[in-house]
Amino acid sequence: MERRLNMLTHCHNIEDLRIAARKRAHRMVFDYIDGAADDEAAMRNNGHQFSGYDLVHRVLTGVDQVDTSTTLLGRKIDIPFIISPSAGNRLFHTQGERAVARAASEFGTIYSLSTLSTVSIEEIGRLTSGPKWFQLYVWKDRGLVKEMLARARMSGFEALILTVDMPITGNRERDLHNRFTIPPKITPAQIWHALRAPRWTADYLMGPAIRYANLSADTPAISLAAFVAGQLHAGFNWRDAEWLLGEWNGPSVIKGVVDTDDAAKAVSTGFNAIAISNHGGRQLDASPAPIDMLPPIADKVGDAAELIVDGGIRRSTDILKSLALGARAVSFARPYLYGLAAGGQQGVTRALDLFTTSLRRDMVLLGVQSISELNRDFVRRRA
């Protein structure tokens, strides 16, 4: 424990956590977190495009204390970033989604649980009193969808996230090379990489079997892989989304939008918030960076929906640029997953603390006392 905490203390940015995760985790596991579709161009572009915007700071503002809080779907949160949903967290560390939910609650922000989580809706609902959202894929089986919604509602989840950019799974070649499955198949290559990651391997071997906790209580996850692939519904359309919102009858987010017309359609369909996202570059590799699509989408929808930027966030300056360009908040998965893979809950906490501490510092440097002061006057697009 002391060695792990010491290692995390020496992680001073998200890239440091990424390196720590690569050292601790099985190669297959790290590549699943770190990889993306095809040539991984969209993933790289997500982060790179933030460098195309400068922050124009103000001087002699007298700012020495800052307020990092904001509101999202009527819920006040202490920091302007939330936890994006991600599947299979117990494969990365035995604490899995429990660690991430606890860390999110500690920082006073929203935790989002994936349909394909390895800890159940009900357990996460009981685990913390912090705000929680539930993420849903577009399943073919409407009975399954209604069951999921009812369970999330009974467990205190406040909003629904509908992920719409995954009608089928993207071409993630690192996973193909590694023969990635949940749980892992035992092959000579997997054994070799397991020996090179002894801490991850000990956690995996000593922990309970990894399962998709929301889909089956007694069927191994590997048997459900074909079921999940078969349930993804490429035929799901805007009329189906209207039906879903009627079944949920509560605050809602559509995640995976990058087109302005789609954003307008999301508003007219009834979604309360739009997560501008390309699934971290894990689906269509030629998709645009969310930060570049934020201004035109903000201009298109105005105040009709709250906007969230999801993709490429690695520094607090990325957060500030997003907020100044019109986002209400940002969300991310890889930064906290690097922390989880590197050190469990302490690693997730380290990731969130890095963002929080640097955000306070950068707000002082920018000359803004509160998140609400940010607008496009603080951002300049480079020629």
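Structure notes:
- The set of residues from region 122-149 being closer than 19 Å to LEU340 by Cβ and either crowded, with 18+ Cβ neighbours inside 10 Å or not hydrophobic (A, V, I, L, M, F, W, C) (or both) comprises GLU123, ILE124, THR128, GLY130, LYS132, TRP133, GLN135.
- Among the residues making up region 21-54, those that are over 20 Å from ASN178 (Cα atoms) and surrounded by 17 or more Cβ atoms within 10 Å (Cβ to Cβ) are ALA42, ASN45, ASN46, GLY47, GLN49, PHE50, TYR53.
- Identity of the residue in region 170-202, open to solvent by 60 Å² or more (accessible area, probe 1.4 Å) and outside any helix (DSSP H, G or I), that ends up modelled with the highest pLDDT: ASN171
- All positions within region 295-318 that are over 23 Å from GLN283 (Cα atoms) and either in a helix (DSSP H, G or I) or in contact (Cβ under 8 Å) with a residue 24 or more places away in the chain (or both): ALA298, ASP299, LYS300, VAL301, ALA304, ALA305, GLU306, ARG315, SER316, THR317
- Hits in region 142-165 (condition: at pLDDT below 90 and closer than 26 Å to TYR32 by Cβ): LEU144
The values are calculated or read from the model by the stated rules, or taken from the named source; none is laboratory data. In this text, all values refer to a predicted model and were calculated from it rather than measured experimentally. No Cβ is skipped: glycine too gets one built from the backbone with ideal geometry, and neighbour counts run over all protein chains shown. What goes into the accessible areas is simple: the full protein's heavy atoms, side chains included, and nothing from ligands, DNA or RNA. Shrake-Rupley method; radii C 1.70, N 1.55, O 1.52, S 1.80 Å.
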